[in-house]
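Notes to accompany the following structure.
Each reported figure results from applying straightforward, stated rules to the coordinates on display, with no laboratory input. Because the structure is predicted, anything quoted here is derived from the model rather than measured. Cβ coordinates were reconstructed from backbone atoms using ideal geometry, including for glycine residues, and neighbour counts include every protein chain displayed.
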Amino acid sequence: MLKKGDPAPDFLLADADGVTHGLGEFAGGKLVLYFYPKDETSGCTTEACGFRDAHDEIRAKGAAVVGVSADSQAAHRKFAEKHGLPFLLLSDPERKAIEAYGAWGEKKLYGKAYLGILRSTFLIDEKGMIERVFPKVSPATHAAEILEALS
């Protein structure tokens with residue numbers, strides 16, 4: 001897992017419209033890069049809508065929000081449109097960024113272990129360095145936690 005002070009791994013991932021985005025695009029401002037398991041699941045929807053509702057405040061504090069999952073571009077488009085998400089959702093079906101950020105690992109559901117995306121967030125500073133890591137976040141309170149970290 002990455003830690004405070006580490007350089008944030010670069011990425012090149014497509015958004016819902018097929019436009020490729022990379023870490024360098026966010027230089028000069030802070031980036032809230034969050035990894036989530038799957039579009040349209042209850043926890044992921046709660047987390048995304050929390051970021052949606054706090055988006056203006058996050059932007060006012062000089063940060064951009066970007067969500068990453070292994071879902072397809074089409075799934076991201078539908079998810080963003082349905083919930084009015086004003087930030088980028090990037091598709092990482094090959095899990096390159098997901099694995100580079102340590103957001104892939106063992107999870108448990110009903111006592112069974114399996115591999116999947118670990119819900120986690122990285123606050124990246126203006127120079128591309130990890131400012132803070134949020135492992136195992138709570139979808140319902142995470143946006144408020146990010147706002148506090150940006151204060």
**Request:** Specify whether the C-alpha gyration tensor of the chain places it in the rounded, prolate or oblate class, a ≥ b ≥ c being the square roots of the eigenvalues: rounded for a/c under 1.5, otherwise prolate if a/b is larger than b/c and oblate if not.
**Result:** rounded
**Prompt:** Using Cα-only point scatterers and the Debye equation, what is log10 of I(q)/I(0) for region 1-46 at each q in 0.13, 0.15, 0.18, 0.25 Å⁻¹, rounded to two decimals?
**Reply:** -0.43, -0.56, -0.78, -1.10
**Message:** Translational diffusion coefficient of region 25-82 at 25 °C, 0.890 mPa s, Stokes-Einstein with Kirkwood Rh over Cα pairs, in µm²/s as a whole number.
**Reply:** 202
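How big is the antiparallel share of DSSP beta bridges in the chain, given as a percent to the nearest 5? Kindly include the intermediate steps, with their values, before the conclusion.
Details: 21 of 31 bridges.
Given both bridge residues lie in the chain, the antiparallel proportion sits at roughly 70 percent.
Among the chymotrypsin sites (Phe, Trp or Tyr not before Pro) in region 101-143, which ones are in a DSSP loop with at most 11 other Cβ atoms within 10 Å of the Cβ? Mind listing them?
Working: sites: Tyr101, Trp104, Tyr110, Tyr114, Phe122; in loops: Tyr101, Tyr110.
Of the chymotrypsin sites (Phe, Trp or Tyr not before Pro), the ones in loops of region 101-143 whose Cβ has at most 11 other Cβ atoms within 10 Å are Tyr110.
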**Fill in**
Proxy exposure order for Val68, Val133 (fewest C-beta within 10 Å first) is Val133, Val68
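Okay, helix-only estimate at 222 nm for the chain: each DSSP H run of n ≥ 4 adds -39500 (n - 2.57), divide by all residues, round to 500 deg cm²/dmol; what do you get?
Result for the chain: -9000 deg cm²/dmol, rounded to the nearest 500.
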**Message:** Report the Cα-based extents of region 99-151 along its three principal axes, largest first, to the nearest Å.
**Reply:** 39, 26, 9
**Request:** Quickly rank 137-146, 77-86 as a protection proxy: mean count of other C-beta atoms within 10 Å, highest first.
**Result:** 137-146, 77-86
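What is the diffusion coefficient of region 60-124 in µm²/s, taking the Kirkwood radius over Cα pairs and the Stokes-Einstein relation at 20 °C with a viscosity of 1.002 mPa s? Provide the component values of the computation, followed by the final result.
On the way: Rh = 13.4 Å.
Stokes-Einstein gives a translational diffusion coefficient of 160 µm²/s.
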